[in-house]
Amino acid sequence: MARLTSMQDLAVLRDEIKAKKDNRAKEVAICTGTGCLGLGAAKVFSTFQAEIESRGLQGDIRVKETGCPGFCQRGTIVVVSPPGVYYLGVQPSDVGEIIDQTLLSDRLVDRLLYTDPQTGQKAIREEEIPFYRYQKRLLIKNNIRIDPKNIYDYIAQGGYQALARVLSGMTPQQVIDEIKRSGLRGRGGGGFPTGQKWQSTRDAADPIKYVIVNCDEGDPGAFMDRALMEGNPHSVLEGLIIGAYAVGAHSGFIYVRMEYPLAVENARHALRQARELGLLGENILGSGFDFDASVHRGAGAFVSGESTALMNALEGKVGEPRPKYLHTSECGVWNRPSLLNNVETWANVPLIINCGSDWFSSRGTERSKGTKIFSLVGKVNNTGLVEVPMGMSLADIIYKIGGGIPEGKKLKGVQTGGPSGGIIPARHLETPVDFEELSRLGSMMGSGSIIVIDEDTCAVDLARYFVDFLCDESCGKCLPCREGLKRMREILDGIVSGRGEESDLQLLRETAALMKDASLCALGRTAVNPVLSTMTYFPEEYAAHIMEKRCPSLSCKALVSYSIQPELCVGCKLCLKNCPQGAIAEEGDICVIDQSRCSRCGICFDLCPPKARAVKKASRGSKQA
């Protein structure tokens with residue numbers, strides 16, 4: 001790579017890349033994000049390479065690995081351009097047909113296209129697929145177009161143009177003012193105004209400052225930051241360099257959680273390529289501005305996503321929070337002013353510089369501007385990453401984009417904001433998704449996970465699950481969080497096991513109040529949300545567990561029993577053959593279950609032929625569910 005020494009060099013390079021690309025007839029983009037890799041994307045990619053090489057088509061067709069385009073439910077995703085044909089669920093055995101039909105003959109492989117489940121209509125391009133049609137994809141739209149290990153792909157899409165604009169014609173204060181006018185708020189969970197945080201860091205007296213990318217995304221079901229860092233790391237790096245220029249920092253860190261090896265690999269590769277081109281290091285693009293960054297790999301602690309815990313970890317200490325007597329913008333890493341934003345926040349910065357603050361703030365709500373990436377998971381037909389304008393309702397996200405609830409089940413609610421978020425009931429689905437509205441309902445934006453739950457999910461057990469997770473992930477430094485979570489877990493374990501008492505509800509409220517008031521960091525203060533929100537919105541479920549010793553959702557094992565209805569039993573004996581406890585025996589032509597030996601695993605219920613459904617699942621309490 002030839003080092004770029006001026007803004008003009010970058011513009012010339014972009015023109016050269018585009019000219020070379022225009023001369024190539026076809027391009028095959030294959031998602032090799034973590035989700036698709038789990039579905040066999042690596043084999044699809046290698047098969048394409050081998051087939052094209054064996055046919056001597058290397059000069060006519062480019063095959064490239066890309067990041068996650070979002071529709072994880074239907075991977076492996078392959079896009080053929082031109083004209084941009086979207087193939088879903090591609091297997092290695094489909095590769096030859098795609099080459100013959102689409103790449104060489106301009107015909108479609110119909111069975112690999114998206115098919116509307118209601119109308120049977122086929123969708124060819126991304127914008128025709130309902131999952132994408134209702135989104136506003138500003139940040140992740142380029143994931144399927146860019147090879148994350150090829151900086152030239154990013155530059156061809158306009159990459160580093162914002163950096164050149166900043167270094168050639170904007171003062172640091174002008175950059176901060178533009179971010180302020182945009183209304184961008186931190187996408188990591190707190191929603192603090194980004195421009196205000198930048199201003200505080202710039203105004204700090206210490207001349208040595210640091211900028212940091214927080215990619216320690218640990219929420220169950222969340223993978224927004226991972227997808228951006230894996231699929232388009234240069235967008236994050238460009239935002240980081242711009243932020244460093246704005247606040248006067250010359251060193252930075254990209255902190256990536258241990259469980260994201262591909263994100264670590266692609267981030268390090270991006271740093272190397274940016275240095276070789278002169279976009280990192282000394283005298284960037286001939287501007288006189290010096291800046292460099294490195295990747296720091298986390299040690300697997302969930303609490304390290306908290307700002308001060310992350311900074312402790314960067315210093316080589318235990319990842320646990322510090323008291324915030326001073327903001328990290330004044331006293332952060334090594335007691336120096338430190339600017340910390342999450343991956344998605346940094347990726348928004350080049351968009352704002354290129355398109356303007358007015359363009360950015362025209363999307364969203366009055367107090368929550370722009371778009372937000374969510375991971376849509378759980379009991380919903382279309383799972384994956386969705387990017388929508390702030391203010392879209394939960395109902396539209398779940399039904400228009402997510403395609404509704406599988407198997408015609410009823411929607412019970414939605415859990416937002418990760419393990420520290422609240423569970424919002426179905427009656428509030430028309431709520432616009434923004435920072436204030438979610439907080440008003442007892443939940444929060446968090447990093448952006450949306451977990452859909454249906455009628456078969458027990459609200460009490462769900463609260464217990466998240467408390468159990470947070471109890472294990474608490475650093476233990478402060479007593480209210482450490483002991484409060486343990487006590488909550490004990491109480492909830494008792495309730496779902498049939499040992500709950502009416503006084504437990506008051507104990508949960510008192511413990512939650514103490515944790516909210518006295519915990520050192522946000523983990524302890526928000527860990528109460530799953531409990532308080534379920535107690536508020538699903539009080540009848542707590543009452544059923546405690547007063548009637550039954551689980552209305554038939555999911556708490558201790559409160560469920562199984563029996564075989566003789567009039568329906570067809571004598572297949574699948575239950576008898578597969579019971580791990582030997583609790584099922586024959587009586588004549590039918591089977592019966594010995595309740596004293598039954599472990600309530602549910603295998604008999606799951607294996608019973610649907611047309612017979614002789615095994616009955618019911619609550620053990622005073623009422624049948």
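For Glu320, the conditions (1) without any contact (Cβ under 8 Å) to a residue 12 or more places away in the chain; (2) assigned to a loop (DSSP other than H, G, I, E, B) are fulfilled apart from (1).
When region 263-283 is limited to residues that are part of a helix (DSSP H, G or I) and without any contact (Cβ under 8 Å) to a residue 24 or more places away in the chain, the one that is nearest to Arg297 (Cα to Cα) turns out to be Glu265. Within region 380-402, residues that are on the phi > 0 side of the Ramachandran plot reach partners that are not polar (S, T, N, Q) with beta carbons closer than 6 Å, at six or more positions or on different chains, in the pairs Gly384/Gly70; Gly384/Phe71; Gly384/Cys72; Gly391/Gly364; Gly391/Pro432; Gly391/Asp434.
When region 429-478 is filtered for residues that are in a helix (DSSP H, G or I) and hydrophobic (A, V, I, L, M, F, W, C), the ones remaining, listed by number, are Phe435, Leu438, Ala459, Val460, Leu462, Ala463, Phe466, Val467, Phe469, Leu470, Cys471.
Which numbered condition in (1) modelled with pLDDT under 95; (2) of a type outside the set (A, V, I, L, M); (3) in the same structural domain as Ser251 (by TED's automatic domain parsing) is the only one that Asn348 fails? Among (1) modelled with pLDDT under 95; (2) of a type outside the set (A, V, I, L, M); (3) in the same structural domain as Ser251 (by TED's automatic domain parsing), the lone unmet condition for Asn348 is (1).
Please indicate, with yes or no, whether at least one residue in region 501-522 is in the same structural domain as Phe466 (by TED's automatic domain parsing), hydroxyl-bearing (Ser, Thr, Tyr), within 30 Å of Ser561 (Cβ to Cβ) and modelled with pLDDT of 90 or more.
Residues of region 501-522 that are in the same structural domain as Phe466 (by TED's automatic domain parsing), as a first pass: 501-522.
Checking the rest, the ones that are also hydroxyl-bearing (Ser, Thr, Tyr) come to 503, 511, 519.
Restricting the remaining residues to those that are within 30 Å of Ser561 (Cβ to Cβ) gives 503.
Going one step further and asking which of them are modelled with pLDDT of 90 or more, we end up with 503.
Scanning region 501-522 turns up at least one residue that is in the same structural domain as Phe466 (by TED's automatic domain parsing), hydroxyl-bearing (Ser, Thr, Tyr), within 30 Å of Ser561 (Cβ to Cβ) and modelled with pLDDT of 90 or more.
Taking region 540-564 as the search range and keeping residues that are under 11 Å from Arg499 (Cα atoms) and among the aliphatic types (A, V, I, L, M), which one is surrounded by the most Cβ atoms within 10 Å (Cβ to Cβ)? Only one residue fits best here, namely Leu559.
Residue check: Thr511 meets all listed conditions (1) more than 21 Å from Ile546 (Cβ to Cβ); (2) without any contact (Cβ under 8 Å) to a residue 60 or more places away in the chain; (3) in contact with a Lys or Arg (Cβ under 6 Å, 6 or more places away or on another chain) but one, namely (1).
Selection of region 128-141 for residues being buried (at least 21 other Cβ atoms within 10 Å of the Cβ) and closer than 21 Å to Ile352 by Cα yields Gln135, Leu139, Ile140. Could you list, in sequence order, the residues of region 31-47 that are crowded, with 24+ Cβ neighbours inside 10 Å and either in a strand (DSSP E or B) or over 29 Å from the mean Cα position of the chain (by Cα) (or both)? Cys31, the sole residue that qualifies.
Does Gly384 meet the test of being crowded, with 20+ Cβ neighbours inside 10 Å and farther than 19 Å from Leu138 by Cα?
Details: crowded, with 20+ Cβ neighbours inside 10 Å: yes; farther than 19 Å from Leu138 by Cα: no.
Considered against the rule, which asks whether it is crowded, with 20+ Cβ neighbours inside 10 Å and farther than 19 Å from Leu138 by Cα, Gly384 comes out as no.
Look at region 31-52: where a residue is in contact (Cβ under 8 Å) with a residue 60 or more places away in the chain and closer than 13 Å to Pro92 by Cα and a partner is assigned to a helix (DSSP H, G or I) and not polar (S, T, N, Q), sitting 6+ places away or on another chain with Cβ atoms under 9 Å, you get Leu37/Leu262.
Inspection of region 90-103 identifies at least one residue that is buried (at least 17 other Cβ atoms within 10 Å of the Cβ) and assigned to a loop (DSSP other than H, G, I, E, B). Do we find a residue being at pLDDT 95 or above, of a type in the set (A, V, I, L, M), assigned to a strand (DSSP E or B) and touching a strand residue (DSSP E or B) at 6+ places or on another chain (Cβ under 8 Å) anywhere in region 236-252? No - not one qualifying residue is present in region 236-252.
Among the numbered criteria (1) in a helix (DSSP H, G or I); (2) over 29 Å from the mean Cα position of the chain (by Cα), which single criterion is violated by Asp493? Result: Asp493 fails condition (2) only.
Considering only residues in region 597-620 that are among the basic types (Lys, Arg) and not in a loop (DSSP other than H, G, I, E, B), the one that is nearest to Ser563 (Cα to Cα) turns out to be Lys616. Of the helices (runs of 4 or more DSSP H) lying entirely inside region 116-174, the ones with 3 or more residues being touching a His at 6+ places or on another chain (Cβ under 9 Å) and either within 26 Å of Leu262 (Cα to Cα) or not small (Gly, Ala, Ser) (or both) are found at 151-156. Of everything in region 284-307 that is without any contact (Cβ under 8 Å) to a residue 60 or more places away in the chain and over 23 Å from Arg226 (Cα atoms), the residue that is surrounded by the most Cβ atoms within 10 Å (Cβ to Cβ) is Phe291.
Within the option set Glu387, Glu407, Glu366, being out of contact with any helix residue (DSSP H, G or I) (no Cβ under 6 Å at 6 or more places or on another chain) and in a loop (DSSP other than H, G, I, E, B) holds for one residue only, Glu366.
Residue under question is Leu310, and the condition is that it be in a helix (DSSP H, G or I), of a type outside the set (Phe, Trp, Tyr) and surrounded by 24 or more Cβ atoms within 10 Å (Cβ to Cβ); does it hold?
Working: in a helix (DSSP H, G or I): yes; of a type outside the set (Phe, Trp, Tyr): yes; surrounded by 24 or more Cβ atoms within 10 Å (Cβ to Cβ): yes.
When the stated conditions are applied, Leu310 passes them.
Being of a type in the set (Gly, Ala, Ser), farther than 17 Å from Arg336 by Cβ, touching a residue at least 60 places away in the same chain (Cβ under 8 Å) and in contact with a Leu (Cβ under 7 Å, 6 or more places away or on another chain): is that true of Ala227 here? Yes.
Across region 554-596, what is the number of residues that are more than 30 Å from Gly494 (Cβ to Cβ) and assigned to a loop (DSSP other than H, G, I, E, B)?
So the count comes out to 11.
Within region 21-30, the set of residues being outside any strand (DSSP E or B) and either touching a residue at least 24 places away in the same chain (Cβ under 8 Å) or touching a Leu at 6+ places or on another chain (Cβ under 9 Å) (or both) comprises Lys21, Arg24, Ala25.
The values are calculated or read from the model by the stated rules, or taken from the named source; none is laboratory data. A quick note: this is a predicted structure, and the numbers were derived from the prediction, not measured. Please note: Cβ atoms are built from the backbone with ideal geometry, for glycine as well, and neighbour counts cover all protein chains shown.
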